[in-house]
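Peer 1: Before I ask anything, here is the structure I am working with.
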Amino acid sequence: MAAISLRNIVKKYGDGFPAVNDVSIEIADGEFVILVGPSGCGKSTLLRMIVGLEDITSGDMVIGDRKVNDLAPRERNLAMVFQNYALYPHLSVYENIAFPLRLAGASDEEVDEKVRNASRTLELDEHLERKPGNLSGGQRQRVAMGRAIVRDADAFLFDEPLSNLDAKLRGQMRTEISRLQKRLGITTVYVTHDQTEAMTLGDRVAVLKRGLLQQLATPRELYENPGNLFVAGFIGSPPMNFLPAEVEGTRLTLPFGSVEIGEEKASRARDRGLLIAGIRPEHFEDAAIADKQGSESSFTATVEVVEWLGNETYAYIPFEAPEEVQQQLKQLEQDLDGESLRTQLVVTLDGASRISEGDEAEIWMDASRIHLFDPATGENLTVDREHAGEIPAEAVEVGAGA
Ligand SMILES: Nc1ncnc2c1ncn2[C@@H]1O[C@H](COP(=O)(O)OP(=O)(O)O)[C@@H](O)[C@H]1O
Ligand SMILES: [Mg+2]
């Protein structure tokens with residue numbers, strides 16, 4: 001096992017386009033790190049540079065204590081676990097796992113010991129004589145991991161291993177990979193465009209946008225303290241709401257009225273004119289349910305659509321946004337690759353709420369959870385930097401895409 005250190009990594013393809021632009025990430029020995037971002041942000045390129053399948057334009061790639069920039073993939077001792085499992089259909093599970101050892105000319109004795117060790121860890125003992133075609137998707141994935149384990153690789157690398165599976169199997173496999181990674185304690189880098197996978201699997205998550213690292217932090221830090229609009233909009237489902245806002249004194253004016261945000265937060269965003277406020281759907285509640293009727297953080301608005309799910313209720317409340325904010329949200333929508341950010345508020349209410357479509361409803365919001373973003377740069381002005389992991393300086397200068 002080994003730590004992996006990416007230092008100012010740049011990748012320019014033939015046309016000079018920086019697919020990866022000065023990315024630095026320190027991955028600790030045994031850590032599970034996710035590279036996440038929309039399609040085309042450079043995740044696969046970064047992973048392929050770690051494995052050695054792609055040349056590094058500039059920067060240093062260090063694995064353990066070796067600089068590996070110029071080493072061939074097989075000299076790096078890493079195991080890439082491929083999406084399609086790449087198993088040999090005519091070989092038994094045993095021989096599939098044994099394959100890299102046979103290639104390396106290992107003795108039968110060594111092969112047997114390592115295969116049986118791996119199979120025990122992966123709970124494949126009963127399946128060793130079967131052919132891959134007769135296994136479930138989850139079992140096949142384990143066989144592919146077994147092949148990586150017998151090589152005693154320093155790290156596992158995954159590139160969107162679950163993207164071809166249906167939602168249910170994806171959920172099961174996610175749990176499986178997480179469990180195995182913890183049991184093996186092997187350094188793992190995992191690429192996905194799916195924020196749910198990123199949040200549930202990673203010790204830490206690196207969010208990328210157009211080749212630039214936006215933030216490197218634990219899932220909780222990303223969720224509670226996104227460094228910029230992009231990360232805020234990317235992490236979380238349903239996504240964070242973005243509303244035009246202005247600070248006056250210690251109050252924040254929103255399309256539905258104004259709320260008290262306190263001096264500490266207000267002072268960071270005062271005298272900046274129009275801002276974008278970000279509030280997650282679950283930080284709203286039916287004022288009647290929360291016992292907050294008439295509170296200084298409650299407002300009334302017309303609810304257009306209600307979706308009752310039993311345990312919770314989604315309510316949709318349209319609002320008007322000035323041109324400047326609409327432009328920024330449109331840009332953000334493009335950056336996020338599709339997730340539609342209409343100028344409507346989505347709020348998650350308790351399933352017991354009696355609010356229904358067309359109602360003038362009183363809604364309470366947890367004002368302490370509001371983030372305020374600079375509409376020009378996308379920077380989160382109210383971020384708690386002590387609990388936000390790493391936010392590279394470039395992420396807030398170019399991060400907005402304004
Ligand atoms: N072989 C290549 N030649 C030229 N450009 C490439 C090549 N591979 C990837 N790119 C470009 O680099 C960027 C990042 O690609 P990639 O790493 O595959 O993104 P992701 O895995 O995040 O979807 C994209 O703009 C893509 O078009
Ligand atoms: Mg990719």
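Peer 1: How many residues are closer than 23 Å to residue 179 by Cβ, among the aliphatic types (A, V, I, L, M) and not in a loop (DSSP other than H, G, I, E, B) if we restrict to the stretch 1-35?
Peer 2: The qualifying residues number 5.
Peer 1: Working carefully through the options 146, 211, find the one that is of a type outside the set (D, E, K, R) and more than 16 Å from ligand 1 (Cβ to nearest atom).
Peer 2: 146
Peer 1: Is there a residue being under 29 Å from the mean Cα position of the chain (by Cα) and in the same structural domain as residue 139 (by TED's automatic domain parsing) anywhere in the stretch 92-101?
Peer 2: No, the stretch 92-101 contains no residue that is under 29 Å from the mean Cα position of the chain (by Cα) and in the same structural domain as residue 139 (by TED's automatic domain parsing).
Peer 1: Enumerate the helices (runs of 4 or more DSSP H) found wholly within the stretch 184-245, keeping only those where 3 or more residues are over 21 Å from residue 171 (Cβ atoms).
Peer 2: Counting at least 3 such residues, we get 229-234.
Peer 1: Residues 51, 33: which one is closer than 17 Å to residue 205 by Cα, of a type in the set (Val, Ile, Thr) and within 16 Å of ligand 1 (Cβ to nearest atom)?
Peer 2: Unique residue meeting the criteria: 33.
Peer 1: State all residues of the stretch 1-30 that are of a type in the set (Val, Ile, Thr), touching a residue at least 60 places away in the same chain (Cβ under 8 Å) and away from ligand 1 (no atom under 11 Å from the Cβ); if no residue qualifies, say none.
Peer 2: Hits for the stretch 1-30 are 4, 23, 25, 27.
Peer 1: What single numbered condition from (1) in contact with a His (Cβ under 7 Å, 6 or more places away or on another chain); (2) under 22 Å from residue 205 (Cβ atoms); (3) more than 16 Å from ligand 1 (Cβ to nearest atom) fails to hold for residue 39?
Peer 2: (3) is the only condition that residue 39 fails.
For (1) within 16 Å of ligand 2 (Cβ to nearest atom); (2) touching a helix residue (DSSP H, G or I) at 6+ places or on another chain (Cβ under 9 Å); (3) within 18 Å of residue 191 (Cα to Cα), each residue gets a yes or a no:
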| residue | (1), (2), (3) |
| --- | --- |
| 31 | no, no, yes |
| 50 | yes, no, yes |
| 53 | yes, yes, yes |
| 71 | no, no, no |
| 98 | no, yes, no |
| 105 | no, no, no |
| 113 | no, no, no |
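Peer 1: Say whether the condition of being within 25 Å of the chain's Cα centre (by Cα) and more than 16 Å from ligand 1 (Cβ to nearest atom) is met by at least one residue in the stretch 113-123.
Peer 2: no
Peer 1: Select from the stretch 350-381 the residues that are surrounded by 18 or more Cβ atoms within 10 Å (Cβ to Cβ), outside any loop (DSSP other than H, G, I, E, B) and under 25 Å from the mean Cα position of the chain (by Cα) and list them in ascending order.
Peer 2: Hits for the stretch 350-381 are 371, 372, 373, 379, 380.
Peer 1: Quickly run through the stretch 300-315 and pick out the residues that are within 15 Å of residue 239 (Cα to Cα) and crowded, with 16+ Cβ neighbours inside 10 Å.
Peer 2: The answer is 315, and nothing else.
Table: residues versus (1) among the hydroxyl-bearing types (Ser, Thr, Tyr); (2) at pLDDT 95 or above.
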residue: 296; (1), (2): no, no
residue: 303; (1), (2): no, yes
residue: 316; (1), (2): yes, yes
residue: 319; (1), (2): no, no
residue: 323; (1), (2): no, no
residue: 341; (1), (2): no, no
residue: 383; (1), (2): no, yes
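Peer 1: Moving on to the next point. Residue under question is residue 294, and the condition is that it be surrounded by fewer than 16 Cβ atoms within 10 Å (Cβ to Cβ), assigned to a loop (DSSP other than H, G, I, E, B), in contact with a strand residue (DSSP E or B) (Cβ under 9 Å, 6 or more places away or on another chain) and not polar (S, T, N, Q); does it hold?
Peer 2: For residue 294, the condition - surrounded by fewer than 16 Cβ atoms within 10 Å (Cβ to Cβ), assigned to a loop (DSSP other than H, G, I, E, B), in contact with a strand residue (DSSP E or B) (Cβ under 9 Å, 6 or more places away or on another chain) and not polar (S, T, N, Q) - is met.
Peer 1: Within the stretch 69-82, does at least one residue satisfy the condition of being more than 30 Å from residue 236 (Cα to Cα), of a type in the set (S, T, N, Q), at pLDDT below 95 and not assigned by TED's automatic domain parsing to the domain that holds residue 332?
Peer 2: Yes: one or more hits.
Peer 1: Which residues, counting only those in the stretch 253-285, are part of a strand (DSSP E or B) and either more than 30 Å from the chain's Cα centre (by Cα) or surrounded by fewer than 19 Cβ atoms within 10 Å (Cβ to Cβ) (or both)?
Peer 2: 253, 257, 258, 259, 260
Peer 1: I've got another one for you. Just the residues that are in a loop (DSSP other than H, G, I, E, B), of a type outside the set (A, V, I, L, M, F, W, C) and in contact (Cβ under 8 Å) with a residue 40 or more places away in the chain, please, taken from the stretch 56-77.
Peer 2: Passing the criteria: 57, 64, 76, 77.
Peer 1: Moving on. Considering only residues of the stretch 124-180 that are part of a loop (DSSP other than H, G, I, E, B) and within 16 Å of ligand 2 (Cβ to nearest atom), which is surrounded by the fewest Cβ atoms within 10 Å (Cβ to Cβ)?
Peer 2: Across the stretch 124-180, the extreme among qualifying residues is 164.
The values are calculated or read from the model by the stated rules, or taken from the named source; none is laboratory data. Since the model is a prediction, treat every value here as computed from it, not as a measurement. Ideal geometry is used to build each Cβ from the backbone, glycine not excepted, and the neighbour counts take in all protein chains shown.
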